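Student: Just passing along the structure, written as structure tokens.
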Ligand code: SF4
Ligand code: SF4
């Protein structure tokens, strides 16, 4: 006996598998129309290769894969293409998407297939190509293109191939039925997949112990082969990919990684069957086994159904009563989604169609308060704290949600299932995940825009610096000429004004200008946040939430003040480049109080002018920052009045003697310190600089290499570009290393 | 034809918050029966008063907070609070003591903190402690158990009990020291002497007449809840274990300095009521199983410490409230490790690693 590991948590919902297992695997009459969505898988939608009005044969390619991360689509029967248009598809949010619509001619005539009597003669590439051409995509639920999964990165060695026959969802028996009827072909498929991924050490088929017939059939079929059928106790959600891996191998898939990285590959039994049909008989994926179940039907069973058959047609064939039906669910009761529109088609991933009666699936009771009973945490297979996640999701505290590993939630629904307060926990998690993803995307976009903006600024600054340098060079030449003419003696080596100007030009944009821009952005964002919060508070009815919001508001106000202060500082020159600051201070020391005061008034006047301009700008563009600017202008006006009054006072007084006051000393010391600092920075030796360059270049090479590896694994089109980039970097590095 | 759209899961287990509360109420029945058998109808009156007051207060507050009254009343949580406080109060205590206790439990400890699920402190225990501090006299008059009554006396009948509760007659003659009090005041006697000498011990077996059976009855109720998987074993077992261990350490082979045997501590006072009905309150305890072990053990230690070296006759209420304080802190350090991660996150950490 092989060791079985346990997973954390899990639940035992009523299995309800017997209903659909009473009758043998059946077929239904062809629908009047087959609707084939171009995207039945994860990845790029397929591209139609047929015209409207074209006649096609069963199994003929009608849409080709777009790139590697995609899957082909074939005609499920012979007939005529009557439309290529948007149709409602089976999707949790009731989307419409481009579909090819086929009207069957009833002849069901096959196109020419290319069977292969002995697949062992084909090599890896040929096998993968056959599977790719057959349009295989994971049939367990997600619809991951199979060919991609069979091409793991060169660095990942698959040691364990697992066929998933768990089917832990209640009601669904499609895989169960498939294993009973087609055990031999599934085992052949397993051996085939194993060969494709390089003959792993173990080939396991995981089945829950509530399917004794399927287990017996599979064990018989597996006799004498390298395939081992592993039976383990029934528990939901053992069939989740990560959970199944843990049960069979005891290994956990590290967060954010894929199973191949720990040497495991999981395929659904249905996929193995389809792979065998594709390679041995050349049959593309045009039909699948689906469970049709629920008390709103008179017949409950499993059927082989052509892809594209409308759900409504399937239900009709099983004595469907719309009045009795509580909802229509695609998938099982734990993870399936309900659909509004029964015309949506069956696709490659549709493993179950449920039409439960009202008694069978009554509406959920109203949610009550969370009593922190912890049942949800006990059943969570990902060992999360669902009640905590719920708390943070309500508060929209996205950072804490991520910190509590929200993204490791597999949305299995076990927590909602047990919650005694009937809180729709999963719904909160889905919403929170969506918000976080959206925010991330927005942030990325903003970051990119900012980067572009800053690059542009830099370019302009550089151009200006060059102009200035040229001007200075000309001046220098003129000066030299002049001095030679004047004194006819060699000029002392002057400091190189060209270099100085360039240096200055480089420091200015990211010191003063860049910073002021940054502060401006910050100011805007804080202000819009303030507005948003105020609005929320006004609308909010829940006292607790309002408190939380008020606290956030206060924080935002503090932040606003902070930013304003910084802006003030900046304008007053605190953040100016060092030498300029030194000059300012020196000037201040030299200036008499009277002069200082005059200077102060002048500065304030200047600032006021700028502020007024900004305010007018804001008013014209109706920016939300208008209020802030107005306030700022008002303040400045007050300040100006004060300063002017003081100046008047000073002017009336006789000029005091120039006593050395302590302030001057302090300022002089500050100057000395700053100068020392600048000197130290400038003195970084050439060797050190070289070492630093070397290090950064090495880092870049490493990064480029990692990127290339990733691209190779996922078969991206950028491989070539990345490779040349890497080569260039390596050459540079070598050069630099030699220079040492 | 359009069908409704609902999110998964579409199935829901049969348990509900109201169901949990109903089971808890059911499980208090053995304890209630034992209290009534040994101490007369006083506890029944407590419960009646407490439940009536609790429903009234709850309804009034819900109305003030503009919440749907019936929807929240039907979760039975107010009744559970009332029953637990009623069981903990001395039988035959004056009616206003019960009402004041319930007021603090329901209005202050529960609703002022935001209602069910938001209260950091166990409402019943808050009510109890407020009473203990405000009315020490009324709260320390425990009725004498049936077996320890002096000859010729019998438990009060219902009429008599009513007149005591509503203040017409006082409890004199019926009240006596509880086993915990007796042990505390028994300076100089070995345990053996005490068990032979004091009436309350002499008429009992392990921990004083009546008390031991009341505790055993609560233990039974608790076992039922465990069997029904209403809560996990972690907190109660940890509490009883730590209490027992400390009792063994300080048993002192029954000398005059002995703090009492483990059995004595388990079966006296509110130990079992506390272990299975108070410490298991999900709202105010720690969240994870590991956290609950720590939480329960903390309560056990505090109970022993307060009983042995403190000034109050029983300690469960104080111990529970103190650990309620500590619960968020425990949660902070006991977040479980998520599947696929090497380290557990810190509960309140904000930075994403
Ligand atoms: S199961 Fe429901 S009530 Fe219990 S802790 Fe989780 S969310 Fe709260
Ligand atoms: S839905 Fe997410 S949080 Fe809930 S039990 Fe499943 S994995 Fe855990």
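Student: Could you go through segment A:423-437 and let me know if any residue there is in contact with a strand residue (DSSP E or B) (Cβ under 9 Å, 6 or more places away or on another chain), touching a residue at least 24 places away in the same chain (Cβ under 8 Å) and within 16 Å of ligand 1 (Cβ to nearest atom).
Tutor: Scanning segment A:423-437, I find no residue that is in contact with a strand residue (DSSP E or B) (Cβ under 9 Å, 6 or more places away or on another chain), touching a residue at least 24 places away in the same chain (Cβ under 8 Å) and within 16 Å of ligand 1 (Cβ to nearest atom), so the answer is no.
Student: Please determine whether any residue of segment A:265-279 is under 27 Å from residue A:378 (Cβ atoms) and either at pLDDT 90 or above or away from chain B (no Cβ under 14 Å) (or both).
Tutor: Checked segment A:265-279: at least one residue is under 27 Å from residue A:378 (Cβ atoms) and either at pLDDT 90 or above or away from chain B (no Cβ under 14 Å) (or both).
Student: Need the failing condition index for residue A:334 against (1) surrounded by fewer than 24 Cβ atoms within 10 Å (Cβ to Cβ); (2) assigned by TED's automatic domain parsing to the domain that holds residue A:103; (3) within 16 Å of ligand 1 (Cβ to nearest atom), just the number.
Tutor: Unmet for residue A:334, out of (1) surrounded by fewer than 24 Cβ atoms within 10 Å (Cβ to Cβ); (2) assigned by TED's automatic domain parsing to the domain that holds residue A:103; (3) within 16 Å of ligand 1 (Cβ to nearest atom): (1).
Student: Step by step: first the residues of segment A:383-401, then only those that are assigned to a loop (DSSP other than H, G, I, E, B) and surrounded by 24 or more Cβ atoms within 10 Å (Cβ to Cβ), then the one that is nearest to ligand 1 (Cβ to nearest atom). Which residue is that?
Tutor: Within segment A:383-401, the subset assigned to a loop (DSSP other than H, G, I, E, B) is A:383-385, A:395-397.
Right, trim to surrounded by 24 or more Cβ atoms within 10 Å (Cβ to Cβ) and you get A:384-385.
Numbers: A:384: 11, A:385: 9 Å.
In this case the residue turns out to be A:385.
Student: Same structure, new question: Can you work out which of the residues in segment A:417-426 that are facing chain B (nearest Cβ under 7 Å) and part of a helix (DSSP H, G or I) is surrounded by the most Cβ atoms within 10 Å (Cβ to Cβ)? Spell out the reasoning first.
Tutor: Here is the first cut: in segment A:417-426, the ones facing chain B (nearest Cβ under 7 Å) are A:417-418, A:420-422, A:424, A:426.
Then keep just the ones that are part of a helix (DSSP H, G or I); that gives A:417-418, A:426.
Working: A:417: 26, A:418: 22, A:426: 24.
The selected residue is A:417.
Student: Follow-up question, since we're still on this one. In the set A:340, A:360, which member is touching a residue at least 60 places away in the same chain (Cβ under 8 Å), at negative phi, more than 16 Å from ligand 2 (Cβ to nearest atom) and within 7 Å of chain B (Cβ to nearest Cβ)?
Tutor: A:340
Student: If you check residue A:102 against the conditions, is it in a helix (DSSP H, G or I) and surrounded by 24 or more Cβ atoms within 10 Å (Cβ to Cβ)?
Tutor: For residue A:102, the condition - in a helix (DSSP H, G or I) and surrounded by 24 or more Cβ atoms within 10 Å (Cβ to Cβ) - is not met.
Student: Same structure, new question: Restricting the search to segment B:109-130, which residues are surrounded by 18 or more Cβ atoms within 10 Å (Cβ to Cβ) and either out of contact with any helix residue (DSSP H, G or I) (no Cβ under 7 Å at 6 or more places or on another chain) or in a loop (DSSP other than H, G, I, E, B) (or both)?
Tutor: B:115, B:116, B:117, B:119, B:121, B:122
Student: Output the residue which, of all residues in segment A:392-402 that are within 15 Å of ligand 2 (Cβ to nearest atom) and facing chain B (nearest Cβ under 10 Å), is nearest to residue B:229 (Cα to Cα).
Tutor: A:401
Student: Under the condition of being at pLDDT 80 or above and more than 8 Å from chain A (Cβ to nearest Cβ), which residue from segment B:332-351 is nearest to residue A:9 (Cα to Cα)?
Tutor: B:334
Student: Just need a number here: residues in segment A:337-349 that are farther than 11 Å from residue B:8 by Cα and surrounded by fewer than 22 Cβ atoms within 10 Å (Cβ to Cβ).
Tutor: Total meeting the criteria: 3.
Student: For segment A:407-416, how many residues are more than 8 Å from ligand 2 (Cβ to nearest atom) and either facing another protein chain (nearest Cβ under 7 Å) or surrounded by 21 or more Cβ atoms within 10 Å (Cβ to Cβ) (or both)?
Tutor: Qualifying residue count, segment A:407-416: 0.
Student: Looking at (1) near ligand 2 (Cβ under 10 Å from one of its atoms); (2) assigned to a loop (DSSP other than H, G, I, E, B), find the lone condition where residue A:376 falls short.
Tutor: It is condition (2) that residue A:376 fails.
Student: Another question, if that's okay. With assigned to a helix (DSSP H, G or I), out of contact with any strand residue (DSSP E or B) (no Cβ under 6 Å at 6 or more places or on another chain) and within 14 Å of chain B (Cβ to nearest Cβ) as the only criterion, which of A:447, A:440 stands out? Steps first, please.
Tutor: Details: A:447 fails: within 14 Å of chain B (Cβ to nearest Cβ).
Within the list A:447, A:440, the selection yields A:440.
Student: Can you tell me which residue is nearest to the chain's Cα centre (by Cα) among those in segment B:83-116 that are within 22 Å of residue B:28 (Cα to Cα) and within 12 Å of chain A (Cβ to nearest Cβ)?
Tutor: Top of the filtered list is B:110.
Student: Looking at A:184, A:112, A:105, which is the one that is under 30 Å from residue A:234 (Cα atoms), modelled with pLDDT of 85 or more and outside the structural domain of residue A:427 (by TED's automatic domain parsing)?
Tutor: A:184
Student: Do we find that residue A:245 is buried (at least 22 other Cβ atoms within 10 Å of the Cβ), in a helix (DSSP H, G or I) and in contact with a strand residue (DSSP E or B) (Cβ under 7 Å, 6 or more places away or on another chain) in this structure?
Tutor: It is true that residue A:245 is buried (at least 22 other Cβ atoms within 10 Å of the Cβ), in a helix (DSSP H, G or I) and in contact with a strand residue (DSSP E or B) (Cβ under 7 Å, 6 or more places away or on another chain).
The values are calculated or read from the model by the stated rules, or taken from the named source; none is laboratory data. Please read these numbers as outputs of a predicted model, since none were measured by experiment. Every residue, glycine among them, receives a Cβ derived from its backbone with ideal geometry; neighbour counts consider all protein chains shown.
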